[in-house]
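A.B. asks: Let me give you the structure first, and then I'll get to my questions.
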Amino acid sequence: MNAEIISVGTELLLGAVVNTDTAIVARALSELGIDLMHTCVVGDNPQRLKEAVEGAITRSGLLIMTGGLGPTADDLTKETTAAAAGKKLVLHEESLRRIQNYFNEQHVSENQAKQAWLPEGCTVLQNDNGTAPGCAFQAENGCTIIMLPGPPSELTPMLNNYAVPYLKRSQEYTIVSHNVHIYGRGEAPVAQMMDDLMDSQNPTLAPYANEGECYLRVTAKAHTHEEADRMCGPLIQEIRSRLGNFVYSVDVNSLEELVVKELTEKGKTLATAESCTGGLLSKRITDVSGSSGVFNMGVVTYANEAKEELLGVPHETLEQHGAVSEETARAMAEGIVRRSGSDLGVGITGIAGPEGGTPEKPVGLIYIALSDGENTWVAKRSPIGRTKSRDWHRHCAASQALDMVRRYLAGMPVIEVHE
């Protein structure tokens, strides 16, 4: 079955509201094995919406509408879509009672009551988090149409609890995808290494780039979830074989999630001392639920005096080698281990830009150190020949620090990066 998504709302066209509905619905369709062929956004204009709906139901077997089901005058999705599909609206008494109970009133306004008018013969999708019910029905030509509310807090539970089960009853196939996350190899070299695998039809393999890293998506289609999942296994294993320890996870979405998980499992603690990253590394770690059990402390020592007083970086080291140096990064990592009593400490110092570099120490030069109290490893990030933003340098430095921790915990070489 081919599907389309139409999201309704002028606020989406203007960029005043980010259209997350399409992504939410698209993921659900993918998991059901339904091929999404088109998406579009239409403003609150009946004629343009009518044209979009008529085109969609002509070329696709499934149309999902999001937004425009509310009580205001510009909420015209039901009226316009039902007319284009050859259906009239009728009052659904149970939905009206739910709206009355929601407002604790026996008689609600005409605008509120209009939400209970639904296409004749439709399957009503209950709204457990708002007033506007959704619905599912067939157009005259057989296209299945599902209408869902726009607010994600209402759309997501309605989609998962009612729309997905409705669609599952008619689905012959399911799709399973796994993301193989990679750090230390760029998208282009990874794609080249996987070139002969890209022609596979089922499962399929596709590369994607993230900020400073990349991932490969392995996708299989089968009659059951278990069968599709099994089909992905050999391809994932082949990817691991070719990329080795540059693969940091399958389906763990970030380095920080993996590091918190591994620290927890091994009973280890971590602390950070940051300069040019300004606390970004500690933020990424503490964004992960459960990090309080493994993350002891993080300090931002921007000034040299702070590096000396808080971390014990020798004054002579700063005088002789400078704040941006292998020696200072090493002293920062070792100092935060002593200060925090943690098992591991990270020190980061560098020049993130866009200003402040010199020919000897250009923008993008960053040193990252990891210490376990006995041994210390220092990685050097050098400019890569093209202009990058301050945010990019900071993000990638934090990512490399996380990768060093990941490698240490896995018993791998701590420094082995080729970008």
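A.B. asks: For the chain, can you list the cysteines whose C-beta has no other cysteine C-beta under 4.7 Å from it?
C.D. replies: Lone cysteines by the Cβ rule: 40, 143, 214, 232, 276, 396.
A.B. asks: Based on C-alpha coordinates, I'd like the Rg and Dmax of the chain, in Å.
C.D. replies: Expressed in Å, the Cα Rg and Dmax of the chain come to 27.3, 83.
A.B. asks: Semi-axes of the equivalent ellipsoid of the stretch 11-111: what are they in whole Å, largest first, if each equals the square root of 5 times a C-alpha gyration tensor eigenvalue?
C.D. replies: Those come to 27, 17, 16 Å.
A.B. asks: Averaged over all directions, how much area does the convex hull of the C-alpha atoms of the stretch 159-199 cover when projected, in nm²?
C.D. replies: 5.0 nm²
A.B. asks: Percent of accessible area on the stretch 47-89 owned by carbon and sulfur, 1.4 Å probe?
C.D. replies: Roughly 52 percent of what the probe reaches on the stretch 47-89 is carbon or sulfur.
A.B. asks: For the chain, what does the helix formula give at 222 nm: sum of -39500 (n - 2.57) over DSSP H segments with n ≥ 4, over the residue count, nearest 500 deg cm²/dmol?
C.D. replies: Computed ellipticity for the chain at 222 nm equals -11000 deg cm²/dmol.
A.B. asks: Accessible area per residue for the chain in Å², computed with a 1.4 Å probe and the full protein assembly in place, what is it?
C.D. replies: Dividing the accessible area of the chain by its residue count gives 46 Å².
A.B. asks: In addition: If you restrict to DSSP beta bridges whose two residues both lie in the stretch 208-325, what percentage is antiparallel, to the nearest 5?
C.D. replies: 40 percent
A.B. asks: With all protein chains present, how much of the accessible area of the stretch 286-407 (probe radius 1.4 Å) comes from carbon and sulfur, to the nearest whole percent?
C.D. replies: 44 percent
A.B. asks: Enter the Cα centre distance for the pair the stretch 268-342 and the stretch 236-262, rounded to the nearest angstrom.
C.D. replies: Taking the Cα centre of the stretch 236-262 as reference, the centre of the stretch 268-342 is 26 Å away.
A.B. asks: For residue 67, what is the net charge nearby, where nearby means another residue's Cβ is under 10 Å from its Cβ and Lys, Arg count +1, Asp, Glu -1?
C.D. replies: Residues close to residue 67 contribute a combined charge of -4.
A.B. asks: Let me ask you something else. What is the percent of Cα-Cα separations in the stretch 278-318 that go past 17 Å?
C.D. replies: It works out to 44 percent of all Cα pairs.
A.B. asks: Also, quick follow-up: With Cβ to Cβ distances under 15 Å as the rule, what net charge do the other residues near residue 305 carry (K, R +1; D, E -1)?
C.D. replies: The answer is -3.
A.B. asks: Still on this structure, I have one more. At 20 °C and a viscosity of 1.002 mPa s, what translational diffusion coefficient does Stokes-Einstein give for the stretch 46-101, taking Rh as the Kirkwood radius over Cα pairs? Give it in µm²/s as a whole number.
C.D. replies: It comes out at roughly 170 µm²/s.
A.B. asks: Once neighbouring chains are kept in place and the probe is 1.4 Å, which whole percent of the accessible area of the stretch 90-234 is contributed by carbon and sulfur?
C.D. replies: 46 percent
A.B. asks: Another question, if that's okay. log₁₀ I(q)/I(0) of the stretch 267-391 at q = 0.18 Å⁻¹, via Debye over equal Cα point scatterers, no solvent, to two decimals?
C.D. replies: At q = 0.18 Å⁻¹ the computed log10 ratios are -0.90.
A.B. asks: Could you tell me whether the stretch 327-419 comes out rounded, prolate or oblate from its Cα gyration tensor? Rule is a ≥ b ≥ c as square roots of the eigenvalues, rounded for a/c under 1.5, then prolate if a/b exceeds b/c, otherwise oblate.
C.D. replies: prolate
A.B. asks: Which value in Å does the Kirkwood hydrodynamic radius of the stretch 367-407 take, with 1/r averaged over all unlike C-alpha pairs and then inverted?
C.D. replies: 11.3 Å
A.B. asks: Within the stretch 1-31, find all residues whose amide N lies under 11 Å from a label point positioned 7 Å from the Cα of residue 164 along Cα-to-beta-carbon.
C.D. replies: 25, 27-31
A.B. asks: Taking Cα atoms, how many degrees apart are the long axis of helix 46-59 and the longest axis of the chain, rounded to 10 and kept between 0 and 90?
C.D. replies: Helix 46-59 and the main axis of the chain meet at about 90 degrees.
A.B. asks: Over the Cα atoms of the stretch 233-334, each weighted equally, I'd like the Debye log10 I(q)/I(0) at q = 0.12, 0.15, 0.21 Å⁻¹, rounded to two decimals.
C.D. replies: -0.55, -0.75, -1.02
A.B. asks: Jot down the per residue volume, in cubic angstrom and as a whole number, of the convex hull over the alpha-carbon atoms of the stretch 125-271.
C.D. replies: 192 Å³
A.B. asks: May I pose another question? Could you rank 168, 78, 50 by how accessible they are, 1.4 Å probe, largest area first?
C.D. replies: In descending accessible area the options line up as 168, 50, 78.
The values are calculated or read from the model by the stated rules, or taken from the named source; none is laboratory data. Here the structure is a predicted model, which means the values were calculated and not measured. No Cβ is skipped: glycine too gets one built from the backbone with ideal geometry, and neighbour counts run over all protein chains shown. Accessible surface areas use protein heavy atoms only, side chains included; no ligands, DNA or RNA. Shrake-Rupley method; radii C 1.70, N 1.55, O 1.52, S 1.80 Å.
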